[in-house]
Number of protein chains: 2
Amino acid sequence: MLTDEYFMRQALAEAQRALAAGEIPIGAVVVLDGMIIGRGYNQTEQLRDVTAHAEMLALTAAANHLGNKYLTHCTLYVTVEPCVMCAGASAWAQLGAVVFGAEEPKTGYRRHALGLLHPRTKVRAGVCAADCTALMQSFFKQKRG
Amino acid sequence: MLTDEYFMRQALAEAQRALAAGEIPIGAVVVLDGMIIGRGYNQTEQLRDVTAHAEMLALTAAANHLGNKYLTHCTLYVTVEPCVMCAGASAWAQLGAVVFGAEEPKTGYRRHALGLLHPRTKVRAGVCAADCTALMQSFFKQKRG
């Protein structure tokens with residue numbers, strides 16, 4: 001039950017909340033021992049704050065929950081490949097793993113350089129990628145239309 | 001009067017607040033048209049949150065002040081070279097300029113890759129560098145001692 005796909009569906013539910021708020025639909029959850037301990041969805045427009053990415057809010061929520069800034073045994077699930085800022089935050093948190101859905105060739109952290117994440121952080125890409133991508137595409141199609 | 005050094009002294013005052021709180025002493029201010037519109041000092045220990053770097057808090061404060069997530073005409077003054085996370089946030093904010101004091105060869109953004117900042121963001125390094133470095137060194141010497 002507690003598969004990558006299960007938790008990515010939870011991140012997708014967060015992304016839907018972003019979409020409903022008129023935000024670029026990206027969602028994230030942080031999981032420890034099979035439990036979600038942090039959630040976030042992109043709120044950069046609502047908060048008028050570039051730092052309010054889904055991942056940042058989920059990481060902060062998880063750290064608050066644990067009372068610990070290090071998330072060594074946690075996994076971040078996020079619907080889209082993290083940007084440089086969020087990769088940097090994940091590195092500082094020494095995340096156990098990052099799992100993302102859709103690739104982000106323009107602004108994703110993997111475009112810029114290798115080694116942005118903590119060396120111990122495992123990465124799994126492409127989980128529910130089609131659904132994550134479809135959500136992003138529907139948002140941008142609607143914006144343009 | 002409103003020189004880079006003047007505003008770096010303001011960032012150093014923020015760094016002193018971090019030091020007084022037992023944090024790694026890094027401070028930042030965001031300036032627009034000669035006015036400070038955001039301040040921050042490193043609070044990662046107090047808030048138990050890796051995202052609570054001086055720069056992030058100052059950028060968020062400035063965006064709140066303006067009601068705008070883009071800080072195109074603003075300058076970020078920070079006592080130490082920003083990390084990848086803070087460089088990423090600066091890029092999203094499309095900052096006009098980043099001015100920093102001490103270089104940070106281990107975790108500074110310039111170590112990882114070029115092009116992490118927005119292409120329009122100007123960079124000036126080494127402002128009050130001796131004082132910024134001395135503050136950092138006194139903290140780590142005290143920690144070790």
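The values are calculated or read from the model by the stated rules, or taken from the named source; none is laboratory data. Predicted model, so just to flag it, every value in this text is computed and none were measured. Cβ sites come from the backbone with ideal geometry, for glycine too, and all protein chains shown count toward neighbours. Ligands, DNA and RNA are stripped out before the accessible areas are found, and what is left, the full protein with its side chains, is counted by its heavy atoms. Shrake-Rupley method; radii C 1.70, N 1.55, O 1.52, S 1.80 Å.
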Could you check how many residues of the stretch B:123-133 are surrounded by 13 or more Cβ atoms within 10 Å (Cβ to Cβ) and either assigned to a helix (DSSP H, G or I) or modelled with pLDDT under 95 (or both)? 4
Name the one entry in B:75, B:51, B:60 that is more than 26 Å from residue A:110 (Cα to Cα) and of a type in the set (Ser, Thr, Tyr). B:75
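So in the stretch B:93-122, with the set limited to residues that are in contact (Cβ under 8 Å) with a residue 24 or more places away in the chain and in a helix (DSSP H, G or I), which one is most open to solvent (accessible area, probe 1.4 Å)?
Among those residues, the one meeting the criterion is B:110.
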Which one of A:58, A:102 is in contact with a Ser or Thr (Cβ under 6 Å, 6 or more places away or on another chain) and within 21 Å of residue B:92 (Cα to Cα)? A:102
Among the residues of the stretch A:68-75, is there at least one that is open to solvent by less than 40 Å² (accessible area, probe 1.4 Å), modelled with pLDDT of 95 or more and more than 22 Å from residue B:83 (Cβ to Cβ)? yes
Residue selected from the stretch B:25-38 under the condition more than 11 Å from residue B:78 (Cβ to Cβ) and away from chain A (no Cβ under 14 Å), by the criterion most open to solvent (accessible area, probe 1.4 Å): B:33
Looking at (1) more than 28 Å from residue A:48 (Cα to Cα); (2) touching a residue at least 12 places away in the same chain (Cβ under 8 Å); (3) not aliphatic (A, V, I, L, M), which is the one condition that is false for residue B:145? (2)
Taking the condition of being more than 9 Å from chain A (Cβ to nearest Cβ) and open to solvent by 10 Å² or more (accessible area, probe 1.4 Å), how many residues in the stretch B:81-92 meet it? 1
State which residue pairs qualify: first residue more than 8 Å from chain B (Cβ to nearest Cβ) and inside the stretch A:59-73, second residue surrounded by 14 or more Cβ atoms within 10 Å (Cβ to Cβ) and part of a helix (DSSP H, G or I) in any location, beta carbons under 6 Å apart, and separation of 6 or more residues or different chains. A:71/A:62
Go through the residues of the stretch B:8-22 one by one and say whether even a single one is closer than 12 Å to residue B:75 by Cα and assigned to a strand (DSSP E or B). no
